[in-house]
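Read the structure below first, then the notes.
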Amino acid sequence: MGTSGWSYPSGNGTWNGLFYPATRSKRHGTSGFDELRFYAEHFDTVEVNSTFYGQPKPDVTRSWVARTPPGFDFSLKLYQKFTHPKMFKEAALKSAPGSEGPLLDMLAAVTPHDIDEFRRGIDPLASAGKLGALLAQFPPSFKASPQAHDHLAALATAFADYPIAVELRHRSWSDAIGETLSLLNTFGAAYVQIDEPKFRLSIRQNYLPNVRSFYYMRLHGRNAAQWWRHGASEDRYNYLYTADELSEFSDTAGAAKELVRKSYLYANNHFSSKSVVNAVMLKAQLGQPVEGQYPAELVERYPEIARLVTIERLSLPPSHRATETHRPR
């Protein structure tokens, strides 16, 4: 159980001042504050989004290994070139205006070098036993077709050495669920279960595991009003699930856990640490220990977790910090 991403330093939905301290120099001395170390005191897995925007670097992933305890898992989103060629082209045009045409199409084509570069980047995690799954997240425009099936098969083959989870969003995949699951099952790929606002062409899901190796679920929030129209991309994830809404997923995850060897459940409604709050609530509903100390600022903003967490009074000097523990009655 964890969140999608651990670092949100800017924007209206920043985690600073809530899950992380707002003024780190005063609260944590000159040594600085390590967000990943702090995060890993509270959760045992995280989903990495930064690898979508750039190929992973071995020195970076090696540092992640060193900063997290044994048993901590990283699930990584595949580089956008593998799943979002249009977005890759748009990013390339911003950095090199006027490069559109056949040259850009060639640049956007996935090559063996691209595959090898990604594999090299995640090798420190795999070697340390800290690689959870690779997430192949496709856009809503990725519709079921023979060409799409071929692309999925090629991607699954390229990363056959790793657990791979596939997130599909267009309804054509669930309308042909038999074919979709047959394709994924051939490669042992997990069909990602997602919760998000549902529209006419949104994928429909049954929340059942399709392979016995692992289960993968992502909760994006239900902010339908800002899903497509928003001032900033973070706005679409501005949603806090209620305890009743989460019970559907804790029940499902609890049942799936009995059918698979491992389950990953990530909250992606990251705006203002809401994913952290919902991850805590889910852990409590699943009967898992809620570990680590939580800043008073977070609990004051979200009293839903007041009786679930240990509160650290960060406003006090380190030698005078007191904790309050609240547990369910």
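The values are calculated or read from the model by the stated rules, or taken from the named source; none is laboratory data. Since the structure is predicted, the reported quantities are computational estimates derived from the model, not experimental observations. Note that we place each Cβ from the backbone using ideal geometry, even for glycine, and neighbour counts take in every protein chain shown. Just the protein is used for accessible areas: all its heavy atoms, side chains included, with ligands, DNA and RNA removed. Shrake-Rupley method; radii C 1.70, N 1.55, O 1.52, S 1.80 Å.
Annotations
- Averaged over its residues, region 198-264 has an accessible area of 55 Å² per residue, based on protein heavy atoms and a 1.4 Å probe.
- Region 258-283 versus region 184-211: alpha-carbon centroid distance in Å: 17
- Helical content alone sets the calculated 222 nm signal of the chain at -10500 deg cm²/dmol, taking -39,500 (n - 2.57) per DSSP H segment of four or more residues and averaging over every residue.
- Near-label residues of region 254-290 by backbone N, under 19 Å of a point 7 Å along Cα→Cβ of R67: 273, 276
- For the listed residue pairs K77/K143; K86/K283; K57/K198; K143/K283; K81/K283; K57/K257, the alpha carbons are over 30 angstrom apart in K86/K283; K57/K198; K143/K283; K81/K283; K57/K257.
- The chain: relative contact order in percent, alpha carbon pairs under 8 Å with at least 6 residues between: 18
- Between 0 and 90°, nearest 10: helix 243-257 axis offset from the chain longest Cα axis: 60
- For region 102-218, a Kirkwood hydrodynamic radius built from all Cα pairs, placed in the Stokes-Einstein relation at 20 °C and 1.002 mPa s, yields a translational diffusion coefficient of 140 µm²/s.
- Carbon and sulfur %, accessible surface of the chain computed with the full protein complex present, 1.4 Å: 53
- Here the dipole of the chain is about 400 debye; that uses its Cα centre as origin and unit charges on the Cβ of Lys and Arg (positive) and Asp and Glu (negative).
- Working note: Debye formula, equal point scatterers on the alpha-carbon atoms of region 194-281, no solvent; log10 I(q)/I(0) at q = 0.14 Å⁻¹ is -0.52.
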